[in-house]
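Student: Here it is: the structure, laid out below.
The values are calculated or read from the model by the stated rules, or taken from the named source; none is laboratory data. None of these values were measured; they are calculated from a predicted model. As a convention, Cβ positions derive from the backbone with ideal geometry for all residues, glycine included, and neighbour counts pool all protein chains shown. Areas reflect the complete protein model, heavy atoms only, side chains present, ligands, DNA and RNA absent. Shrake-Rupley method; radii C 1.70, N 1.55, O 1.52, S 1.80 Å.
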Amino acid sequence: MPFFKKFLTATIFPLAVISFPEKAHSQIFNRTNLPFFNANDLTLKVNSGTNGISVADYNRDGYLDIYFVVKEEASGADFSTRNRLFLYDGEKYVDKTATLGNGISGFTDVINTPYGYKIGASWGDYNNDGFPDLFLANSGKDILLKNTGTGQFTDITTIAGVAGKDSAQSSQGLWFDYDKDGDLDLYVSVRQDWSTSNRSHANRMYENTGNDTFIDVSELTGLHDTGLTFTSLPLDIDNDGDLDLYLANDFGPNKLYMNNGDKTFTDLTETFGLSDQGEGMGLAIGDPDNNGLFDFYLTNVTENGESPLRFNRLFINTGQNFFEKKEFVKGVSEAGWGWGTEFFDFDNDGDEDLLIANGYQTQTEPDINRLFRNNISENDTLVFEAFEEEAGISGNSVSYTNAVFDQNNDGFLDLVTSNFYQKPVFYENTLNQGSWIKIWLEGVETNRNGFGSTITLYSDGKAQHRYYHGAGLYTQHVLPIHFGLQQATIIDSVEVKWLNGNINRFFDIEINQVIRIKEGGLITANEHAPDLEKPNHLKLLGNYPNPFNNATVIRFQLNRAEEVDVEIFNSIGQKVYQTSKNFPSGTNSIHWKVSNLNSGVYFYQIKTSSGITKKGKILYLK
């Protein structure tokens, strides 16, 4: 059975050891046009090719909706040329394009480009009202659509001051809080300018000033890069609390701009080892080696390695303010004419795999999309293997980007692929093996979407790390953060570090569910659940020293004050120690001093008044 198959297929949810078909067997991919709509209603179909795809729950009904950027210039007479917004109601997709009003058709007639007239779409809640807004990157003036929260959008481009130039082509709008003031600012990557005078390829940095207005601070910040940028991603590379910015530039060097903390940035590309002279297009951030240090993957044009520049790059973070190029030893140096890329755990085995959209610009030279399966070994050696054919997503098209999200809410990540000359294609993940959890973030002091946060999850003695930004080539999503958990039966803890430095921790979380974490410490079972008290938990932190020869300290953690009973037994079950007392929330300890006992293994049991019991063992040596 293929891992990705048609949408209308029943799914089951067994938890079993993950296994994969042998490569020698038949090809197992099965790709189809997007079958979300009534086949008899042609007005609901996306008939044209697409550039960007962006996903968010724009009406906050608990289901993820899809926005397609149709490549052609919008024409009022030809509905198929319009961008399309489809709302998912839990059973089917409903075309809501009309709710965007004139915002989908007001594009300046400029020279046609090989990338189409309409380029990208980025969801981001710039006014922190809980409803994601939408920025459209175009060939011609850009558009900002404000989500009114009533299912409607208002074009505020002129008021906001973010239209850009008639003659420019924007490739991406990036929402991120560059000044850490709690709202999202906007960085626009500019790929081209066709004007005959006053031509400028400079990217634009807009600071959010509130009241639906932005000011252009491109030159003041030093972020007016002119390198023909396709993708820009933010990351706190030097761990100083501020978001830095890495740019994938076409036909020239990529750039790393380090945040100085005073609303200015400095080019430190060479210093941090992130230089690349190729033809940069897509960028992804992930932690495929699960060491807590976030790495970059960069797509270039990789055609049989015909020049030293024509390789994709895997920049591995050393943790010492430097990145090493490891694409060759990790097996991801060549991936065709690469565009959008993303790390994601498609098989729920607890590590991040790598997806790449591919294709030359002409319809006569399609390419296959690439999926590299992460085969990290027990000694933490990271190696990828090509897996697109086994997974069933290789295809044969010109694809610019993918949307990776759990479309049917079964815990397994699905794909929608944007195709430039064909309709989008949907792949349902039917692997149905491995535990999982999805986490929505809701900022309070930080931006509402939680962009810029890092999430660390512990289960079965292993840690996983995610950095949440939602952005990629031609897109930015507002999605829950997905973790695959292999065969874990409980999540020991989840830690969220928000952009402002606030940290929330939660313990003993059930698997196979969707939770929402609100900055300040609130955790709920789903997006619209009432506020719930944090679940009781008891976490053992071990004892020290162990072994011991006189006394030891047994440590444990509570999330609320409780009476706790501690008992210690010898190897034949005789009780040798007991105490009961009230303990506050947080980390606590019991001091056990030993006398008149034989050397050997002893067992302790800690039980809370709310009924939670945990057991451990210690070694006493005289």
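Student: Just need a number here: residues in segment 475-496 that are assigned to a strand (DSSP E or B) and within 15 Å of the chain's Cα centre (by Cα). Walk me through how you get there before you give the answer.
Tutor: Taking segment 475-496 as the starting set, the residues that turn out to be assigned to a strand (DSSP E or B) are 475-476, 481-484, 491-496.
From what is left, the residues that are within 15 Å of the chain's Cα centre (by Cα) are 475-476, 481-484, 496.
Within segment 475-496, residues that are assigned to a strand (DSSP E or B) and within 15 Å of the chain's Cα centre (by Cα) number 7.
Student: Within the bounds of segment 250-272, is there any residue that is of a type outside the set (Phe, Trp, Tyr), under 28 Å from GLU72 (Cβ atoms) and touching a residue at least 12 places away in the same chain (Cβ under 8 Å)?
Tutor: In the first step, residues of segment 250-272 are kept if they are of a type outside the set (Phe, Trp, Tyr); the result is 250, 252-256, 258-264, 266-271.
Remaining after also requiring under 28 Å from GLU72 (Cβ atoms): 250.
Add one more test, that the residue is touching a residue at least 12 places away in the same chain (Cβ under 8 Å), and what stays is 250.
Yes, the conditions are met somewhere in segment 250-272.
Student: Sticking with this structure for a sec: Could you check, for segment 426-438, whether at least one of its residues is within 25 Å of ILE511 (Cβ to Cβ) and aromatic (Phe, Trp, Tyr)? First the steps, then the outcome.
Tutor: So the first thing to find is which residues in segment 426-438 are within 25 Å of ILE511 (Cβ to Cβ), and the list is 427-438.
Retained after the next criterion (residues that are aromatic (Phe, Trp, Tyr)): 427, 436.
Checked segment 426-438: at least one residue is within 25 Å of ILE511 (Cβ to Cβ) and aromatic (Phe, Trp, Tyr).
Student: Then there's this: Is it the case that some residue within segment 286-293 is at pLDDT 95 or above, of a type in the set (A, V, I, L, M), under 22 Å from the mean Cα position of the chain (by Cα) and surrounded by fewer than 22 Cβ atoms within 10 Å (Cβ to Cβ)?
Tutor: Yes - at least one qualifying residue is present in segment 286-293.
Student: I want to confirm something. Restricting to segment 333-388 and keeping residues that are over 19 Å from GLY286 (Cα atoms) and part of a strand (DSSP E or B), which single residue is modelled with the lowest pLDDT?
Tutor: Checking each candidate, the answer is ASP367.
Student: Quick check on segment 467-494: of everything there that is at negative phi and among the aromatic types (Phe, Trp, Tyr), which residue is least open to solvent (accessible area, probe 1.4 Å)?
Tutor: Once the filter is applied, the top-ranked residue is PHE483.
Student: Could you tell me whether PRO308 is modelled with pLDDT of 95 or more and more than 24 Å from SER171 (Cβ to Cβ)? Walk me through how you get there before you give the answer.
Tutor: Details: modelled with pLDDT of 95 or more: no; more than 24 Å from SER171 (Cβ to Cβ): yes.
Criteria not met by PRO308.
Student: Can you tell me how many residues within segment 583-607 are out of contact with any Phe, Trp or Tyr (no Cβ under 9 Å at 6 or more places or on another chain) and open to solvent by less than 30 Å² (accessible area, probe 1.4 Å)?
Tutor: Filtering segment 583-607 down to residues out of contact with any Phe, Trp or Tyr (no Cβ under 9 Å at 6 or more places or on another chain) leaves 584-586, 591, 593, 595-596, 607.
Within this subset, residues satisfying the condition of being open to solvent by less than 30 Å² (accessible area, probe 1.4 Å) are 586.
Result for segment 583-607: 1.
Student: If you go through segment 588-622 one residue at a time, how many are over 16 Å from THR552 (Cβ atoms) and in contact with a Leu (Cβ under 7 Å, 6 or more places away or on another chain)?
Tutor: Of the residues in segment 588-622, 3 are over 16 Å from THR552 (Cβ atoms) and in contact with a Leu (Cβ under 7 Å, 6 or more places away or on another chain).
Student: Go through (1) surrounded by fewer than 24 Cβ atoms within 10 Å (Cβ to Cβ); (2) modelled with pLDDT of 95 or more; (3) closer than 20 Å to TRP440 by Cα one by one and return the number of the condition ALA56 breaks.
Tutor: Exception for ALA56: condition (1).
Student: For segment 407-419, enumerate the residues that are within 22 Å of VAL69 (Cβ to Cβ) and open to solvent by less than 10 Å² (accessible area, probe 1.4 Å).
Tutor: Step one: of segment 407-419, the residues within 22 Å of VAL69 (Cβ to Cβ) are 407, 413-419.
Hits for segment 407-419 are GLN407, ASP414, LEU415, VAL416, THR417, SER418, ASN419.
Student: Turning to a different aspect of this structure: Being among the polar types (S, T, N, Q) and touching a residue at least 60 places away in the same chain (Cβ under 8 Å) is the filter; apply it to segment 214-249 and report the residue that is nearest to THR269 (Cα to Cα).
Tutor: Here is the first cut: in segment 214-249, the residues among the polar types (S, T, N, Q) are 218, 221, 226, 229, 231-232, 239, 249.
Then keep just the ones that are touching a residue at least 60 places away in the same chain (Cβ under 8 Å); that gives 231-232.
On the way: THR231: 16, SER232: 14 Å.
Top of the filtered list is SER232.
Student: Let me ask something else about it. Which residues, taken from segment 167-179, are open to solvent by 10 Å² or more (accessible area, probe 1.4 Å) and modelled with pLDDT under 95? Break it down stepwise before answering.
Tutor: The initial filter retains those residues of segment 167-179 that are open to solvent by 10 Å² or more (accessible area, probe 1.4 Å), namely 167, 179.
Answer for segment 167-179, where residues must be open to solvent by 10 Å² or more (accessible area, probe 1.4 Å) and modelled with pLDDT under 95: just SER167.
Student: Is one or more of the residues making up segment 594-614 closer than 14 Å to ASN543 by Cβ, in a loop (DSSP other than H, G, I, E, B) and over 38 Å from the mean Cα position of the chain (by Cα)? Give the steps one after another, and end with the answer.
Tutor: Within segment 594-614, the first condition is being closer than 14 Å to ASN543 by Cβ, and the residues that meet it are 594, 601-606, 614.
Okay, now just the ones that are also in a loop (DSSP other than H, G, I, E, B), so 594.
With the extra rule that they be over 38 Å from the mean Cα position of the chain (by Cα), the set shrinks to 594.
Yes.
Student: How many residues are open to solvent by 10 Å² or more (accessible area, probe 1.4 Å) and assigned to a helix (DSSP H, G or I) when one looks only at segment 219-233?
Tutor: Of the residues in segment 219-233, 2 are open to solvent by 10 Å² or more (accessible area, probe 1.4 Å) and assigned to a helix (DSSP H, G or I).
Student: Which of the residues belonging to segment 84-139 are open to solvent by less than 20 Å² (accessible area, probe 1.4 Å), at pLDDT below 90, small (Gly, Ala, Ser) and not in a loop (DSSP other than H, G, I, E, B)?
Tutor: GLY103, SER139
Student: Moving on. Within segment 208-216, is even one residue surrounded by fewer than 23 Cβ atoms within 10 Å (Cβ to Cβ) and assigned to a loop (DSSP other than H, G, I, E, B)? Let's see the steps before the verdict.
Tutor: Quick first cut of segment 208-216, residues surrounded by fewer than 23 Cβ atoms within 10 Å (Cβ to Cβ) only: 209-216.
Remaining after also requiring assigned to a loop (DSSP other than H, G, I, E, B): 211-212.
Yes, because at least one residue in segment 208-216 is surrounded by fewer than 23 Cβ atoms within 10 Å (Cβ to Cβ) and assigned to a loop (DSSP other than H, G, I, E, B).
Student: Still on this model: Of all residues in segment 461-474 being over 15 Å from the mean Cα position of the chain (by Cα) and assigned to a strand (DSSP E or B), which is farthest from ASP61 (Cα to Cα)?
Tutor: LYS462
Listed here are the residues, each with its yes/no results for (1) more than 23 Å from LYS263 (Cβ to Cβ); (2) out of contact with any His (no Cβ under 7 Å at 6 or more places or on another chain); (3) among the polar types (S, T, N, Q).
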{"position": "SER167", "(1), (2), (3)": "yes, yes, yes"}
{"position": "LEU174", "(1), (2), (3)": "no, yes, no"}
{"position": "GLY182", "(1), (2), (3)": "no, yes, no"}
{"position": "THR196", "(1), (2), (3)": "yes, yes, yes"}
{"position": "SER200", "(1), (2), (3)": "no, yes, yes"}
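Student: Next question. Are any residues in segment 521-552 modelled with pLDDT of 70 or more, in a loop (DSSP other than H, G, I, E, B) and open to solvent by less than 40 Å² (accessible area, probe 1.4 Å), and if so, which ones?
Tutor: Across segment 521-552, the qualifying residue is only GLY521.
Student: Just one of (1) touching a strand residue (DSSP E or B) at 6+ places or on another chain (Cβ under 7 Å); (2) in a loop (DSSP other than H, G, I, E, B); (3) not polar (S, T, N, Q) trips up LYS438, so point out which.
Tutor: Status for LYS438: all satisfied but (2).
Student: Tell me, which residue of segment 497-516 that is under 21 Å from ASP349 (Cβ atoms) and either open to solvent by 20 Å² or more (accessible area, probe 1.4 Å) or of a type in the set (Ser, Thr, Tyr) (or both) is farthest from the chain's Cα centre (by Cα)?
Tutor: Across segment 497-516, the extreme among qualifying residues is GLU510.
Student: Okay, next question. State which residue is modelled with the highest pLDDT when the search covers only segment 553-562 and only residues that are part of a loop (DSSP other than H, G, I, E, B) and surrounded by fewer than 17 Cβ atoms within 10 Å (Cβ to Cβ).
Tutor: Filtering segment 553-562 down to residues part of a loop (DSSP other than H, G, I, E, B) leaves 559-561.
Subsequent filtering for residues that are surrounded by fewer than 17 Cβ atoms within 10 Å (Cβ to Cβ) retains 560-561.
Working: ARG560: 71, ALA561: 77.
Selected residue: ALA561.
Student: Report yes if some residue within segment 563-578 is acidic (Asp, Glu) and at pLDDT 90 or above; otherwise report no.
Tutor: yes
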